[in-house]
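The values are calculated or read from the model by the stated rules, or taken from the named source; none is laboratory data. For clarity, every value in this text was computed on a predicted model and none was experimentally measured. Here Cβ is always computed from backbone atoms with ideal geometry, including for glycine, and neighbour counts include all displayed protein chains.
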Amino acid sequence: MNTTYQTIGISSPTTALPEKQFVELKACIAEANHILRSLGNPSQPTNPRQLELKLTSLKDQYVRIQTSFRGGFRAYEGFLLQAGRNYIQFWSKGRLRYVTFDQLISISSEPCESELLQEPRHVCRSEELNCELLYAFTETVSGSVKLLNRFYGIPLSMALLQHAGQQVVLQLTEPKRKKIGCLVKTTEDKVIIQPSSRHDKHWLESIAFADIEIISISKQ
């Protein structure tokens, strides 16, 4: 008995769909993700989510950041990695840093000449992930800080939880000093650390976000 096998053109190592169907599926997934983001973020002039989405357009670009905190002005240069509901995350001088929207004066893109991005980028663009978002959106997004921020925008207090157990550097201005310690947890308005200068591992210190100029994550 002769058996005839039909050859299907495979356009990706992860799918057996014909190329035309695969392209159509990708377009549908992209449109579904766009609709989900739009439904969750209606356009409002006073909505900080709109600022977040605008800043996201500079993601992975080398930028110059100007900030103002209690009368002091600073400038930073580095790669903008993320924008959240009330903060930006950027990579500068070998450290991951966080600054709130309230302190931002301006952000402008700059040509990258002096620094190479060494922080690994976890870009949410794989076909497998897009399919998971389409068919199991709630379960997929709820299990990832990055995806929660991508679709809904999360505050700085929630974003920092992914660094629990790591050493953080808190730049304060009143008095002008730094606090260094292990990040234990955060609340809506405070960071709780175990100071490196204390030998008592049960002693914790709470610092209000309002008293922090910038938060840096130390190299591990």
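So that you can scan it fast, the table gives a plain yes or no per residue for (1) at pLDDT below 85; (2) surrounded by 12 or more Cβ atoms within 10 Å (Cβ to Cβ); (3) more than 11 Å from the chain's Cα centre (by Cα):
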position: Leu116; (1), (2), (3): yes, no, yes
position: Glu119; (1), (2), (3): yes, yes, yes
position: Arg125; (1), (2), (3): yes, no, yes
position: Asn130; (1), (2), (3): yes, yes, yes
position: Leu134; (1), (2), (3): yes, yes, yes
position: Gly153; (1), (2), (3): no, yes, no
position: Leu160; (1), (2), (3): no, yes, no
Check your understanding: Of all residues in the stretch 67-84 being of a type in the set (Gly, Ala, Ser) and modelled with pLDDT of 90 or more, which is nearest to Ser216 (Cα to Cα)?
Key -> Gly78
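Residue by residue, here is whether (1) in contact (Cβ under 8 Å) with a residue 60 or more places away in the chain; (2) more than 26 Å from Ile180 (Cβ to Cβ); (3) surrounded by 12 or more Cβ atoms within 10 Å (Cβ to Cβ) holds:
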site: Ser57; (1), (2), (3): no, yes, no
site: Gly72; (1), (2), (3): yes, no, no
site: Gly78; (1), (2), (3): no, no, yes
site: Leu96; (1), (2), (3): yes, no, yes
site: Thr100; (1), (2), (3): yes, no, yes
site: Ile105; (1), (2), (3): no, yes, no
Study note, to complete from the structure: Here the residues within the stretch 162-171 that are among the aliphatic types (A, V, I, L, M) and surrounded by 16 or more Cβ atoms within 10 Å (Cβ to Cβ) are Val168, Val169, Leu170
